[in-house]
2 protein chains.
Amino acid sequence: MRGDLFNLEEERLGEEIKKRGAKRVLLQLPDGLKPLAARLASIVERAGASVIISGEPCYGACDVALAEAKELNADLIIHYGHTMMLRDLDIPTIYFEAHAEIPVEEAVRKAIDLLKPWRRIGLATTVQHVKKLEAARRILSSAGKEVHVGNASSILHPGQVLGCDYTNARAISQNVEAFLFVGGGRFHPLGLALTTMKPVVAADPFEGRAYSLDADARRILRQRWAEIEEARKAETYGVIIGLKPGQKRLREAFRVKNKIEEAGKKAYLISLREITDQMLRNFREFEAYINTACPRISIDEAAAFRQPVLTLKEAYVMLGEISWEKLLEKGII
Amino acid sequence: MRGDLFNLEEERLGEEIKKRGAKRVLLQLPDGLKPLAARLASIVERAGASVIISGEPCYGACDVALAEAKELNADLIIHYGHTMMLRDLDIPTIYFEAHAEIPVEEAVRKAIDLLKPWRRIGLATTVQHVKKLEAARRILSSAGKEVHVGNASSILHPGQVLGCDYTNARAISQNVEAFLFVGGGRFHPLGLALTTMKPVVAADPFEGRAYSLDADARRILRQRWAEIEEARKAETYGVIIGLKPGQKRLREAFRVKNKIEEAGKKAYLISLREITDQMLRNFREFEAYINTACPRISIDEAAAFRQPVLTLKEAYVMLGEISWEKLLEKGII
């Protein structure tokens, strides 16, 4: 991922450091932008602050390095690549969205073919491409499509989706027959398909190509149902609490633990920062897990886990509090 | 690792919870004891507290889950498997050393043969076997050895060593020709060999066997020197700051960064909780790393890293502040 593909707002970075008189900055980047860390750190230093680059993984705006900043006595967090999601943080945090500078037209034109069966199209994208959504809309309109862009979230740009927040897409889902997602990687368009249960085509401007997510989404739905059935057989559950600021749902964890115990089974709470099979493998007593942290870990990493790792919503299907059909209707993410 | 191999002090666990009126306990175990997590968690619950099992890795007493306990609003940490190392922690922490119940005699008897060339023997062990050291001493004495046990540390039991603290062994090193280490795994006896530069024989009571560490130690010393030479060629360094409470050496990190810059090269600070090649691979600009956290990560995981990851002491050899020979004399850990 090259630096010139993204607008890193290097000037604003220096200005913010000076304006705030920051003394020690924690610089946080998603892994894809970490190759640019030293370049950005140098800007912070030249603006008069010392800087520590967070080497920890960073998967989203849920994942602000608050505890880390406190441990390092940083007085400012610079968070790249995501939209502000958490407010009133203990440590001042400035977000740099890192918009992509790459044109989207070629990929969107290639998507037109795949969108042939449908006329009413919903548009969605990540923060990196929100400024290019208008260009995508024009191409779709020229091709005779009726284009819808959701604007139902107080924190997201119009049309923007997160891996765990498809509010903007849901808001228009009933008005469209299919979605066009503009952006790189399968992660976001897959979530869009699983949430809206509509056909999704992705236009990837980095690779200049378009593809359908339908087969992936169908496969994952089959898997999720199988995981729920498998988890049903367990006698002892681990209920995972995520330690990342926007993933910590303590009350929900205690609640689902109680529900499992009411059903006559055993449940134990486990706290984890990075939820991986390697971490879970240390335990021997748990036959299935309920993950109250990021639901995408359960869904996207299922193949890597040796035991079922249900999302909170799936746990309530297992416990009979909601039907699978109803969950599909509401969206599994 | 079976529960009945270790004294988990289950009664004291329940009593401590009740006595302190703990409301929410964070239970922290090294990976080897995690299979017993649910059993211990149940004791905490029966004593009237809610309990969260830390799923995070825990490699030593340097690694108390303070930040985690704060994030989870726990009012007590129960830390298994290590001796108290950090004092005056923000959150009350009770240590359970988890002494091994297994006899050491068979393994020590097998070690006698390997110790034949030497008469004056230093004894060392981990906290798990400190109570069995007397039994080991008797066997050595009966075999005609002069036995020395170091007692120079204010925090460790006589003869006890940590992966990063061989104070007790160093204190007697000049009086002995070789060391006998009693305990499982190569990690501690290898550190003993690298620190004292004396022949080390390990008696492993879990496997009932004895073996020499000399070839391993020699191989590692050759590797370390090669890493220093390789790191010397770099122009841009990453200086790693460990986020674990007993591994965070901010001042030393800033200091070595300045020294590198004084030498006309570039250096950037990086904070990490778990220092793995996967984490470092996200960066592209750093040709070598200086690790100010646990030195054992540099030494024991060297094969896993694609770039040289020097310890702080090795960095000062690279920078010419101390000679390699002098470092070997003082001990590389």
Residue check, B:Arg281 within 10 Å of chain A (Cβ to nearest Cβ) and surrounded by 22 or more Cβ atoms within 10 Å (Cβ to Cβ): no
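Do any helices (runs of 4 or more DSSP H) entirely within the stretch B:10-94 hold 3 or more residues that are closer than 23 Å to A:Arg249 by Cα, and if so, which? Step through it out loud before you land on a result.
Numbers: elements: B:10-20, B:37-46, B:66-71.
Those helices (runs of 4 or more DSSP H) span B:37-46, B:66-71.
Could you go through the stretch B:96-108 and let me know if any residue there is touching a residue at least 24 places away in the same chain (Cβ under 8 Å), open to solvent by less than 10 Å² (accessible area, probe 1.4 Å), farther than 18 Å from B:Val130 by Cα and assigned to a helix (DSSP H, G or I).
Initial filter on the stretch B:96-108 (touching a residue at least 24 places away in the same chain (Cβ under 8 Å)): B:96-108.
With open to solvent by less than 10 Å² (accessible area, probe 1.4 Å) added as a condition, the list becomes B:96, B:98, B:100, B:104, B:107-108.
Checking which are farther than 18 Å from B:Val130 by Cα leaves us with none.
So far as the stretch B:96-108 goes, no, none of its residues is touching a residue at least 24 places away in the same chain (Cβ under 8 Å), open to solvent by less than 10 Å² (accessible area, probe 1.4 Å), farther than 18 Å from B:Val130 by Cα and assigned to a helix (DSSP H, G or I).
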Pairs, first at the interface with chain B (Cβ under 8 Å from one of its Cβ atoms) and among the acidic types (Asp, Glu) in the stretch A:31-44, second open to solvent by 20 Å² or more (accessible area, probe 1.4 Å) and not in a helix (DSSP H, G or I), C-beta under 7 Å, six or more apart: A:Asp31/B:Asn282
Scanning the stretch B:312-333 for residues that are over 12 Å from B:Leu221 (Cβ atoms), in a loop (DSSP other than H, G, I, E, B) and in contact (Cβ under 8 Å) with a residue 12 or more places away in the chain gives B:Leu319, B:Glu321
May I ask you to verify whether A:Glu105 is over 19 Å from the mean Cα position of the chain (by Cα) and at pLDDT below 95? no
Would it be correct to say that B:Ala193 is outside any loop (DSSP other than H, G, I, E, B), under 16 Å from B:Glu329 (Cα atoms) and touching an Asp or Glu at 6+ places or on another chain (Cβ under 8 Å)? yes
Is at least one residue of the stretch B:128-139 assigned to a loop (DSSP other than H, G, I, E, B) and either open to solvent by less than 10 Å² (accessible area, probe 1.4 Å) or of a type in the set (Val, Ile, Thr) (or both)? no
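Looking for whichever is polar (S, T, N, Q), out of contact with any strand residue (DSSP E or B) (no Cβ under 9 Å at 6 or more places or on another chain) and not assigned by TED's automatic domain parsing to the domain that holds A:Gly185 here; the options are A:Asn291, A:Asn282. Which one fits?
Within the list A:Asn291, A:Asn282, the selection yields A:Asn282.
Checking the conditions here, which among A:Tyr289, A:Tyr211 is in contact with an Asp or Glu (Cβ under 9 Å, 6 or more places away or on another chain) and of a type outside the set (Val, Ile, Thr)?
Values: A:Tyr289 fails: in contact with an Asp or Glu (Cβ under 9 Å, 6 or more places away or on another chain).
Just a single option satisfies the conditions, and that option is A:Tyr211.
Taking the stated definitions as given, is A:Tyr268 touching a residue at least 40 places away in the same chain (Cβ under 8 Å), within 12 Å of chain B (Cβ to nearest Cβ) and part of a strand (DSSP E or B)? Please lay out each step first, then the result.
Numbers: touching a residue at least 40 places away in the same chain (Cβ under 8 Å): no; within 12 Å of chain B (Cβ to nearest Cβ): yes; part of a strand (DSSP E or B): yes.
When the stated conditions are applied, A:Tyr268 does not pass them.
The values are calculated or read from the model by the stated rules, or taken from the named source; none is laboratory data. Everything numeric in this text was worked out from a predicted model, so none of it was measured. Glycine gets a Cβ as well: all are built from the backbone with ideal geometry, and neighbour counts include every protein chain shown. We work out accessible area using only protein heavy atoms, side chains counted, and drop any ligands, DNA or RNA first. Shrake-Rupley method; radii C 1.70, N 1.55, O 1.52, S 1.80 Å.
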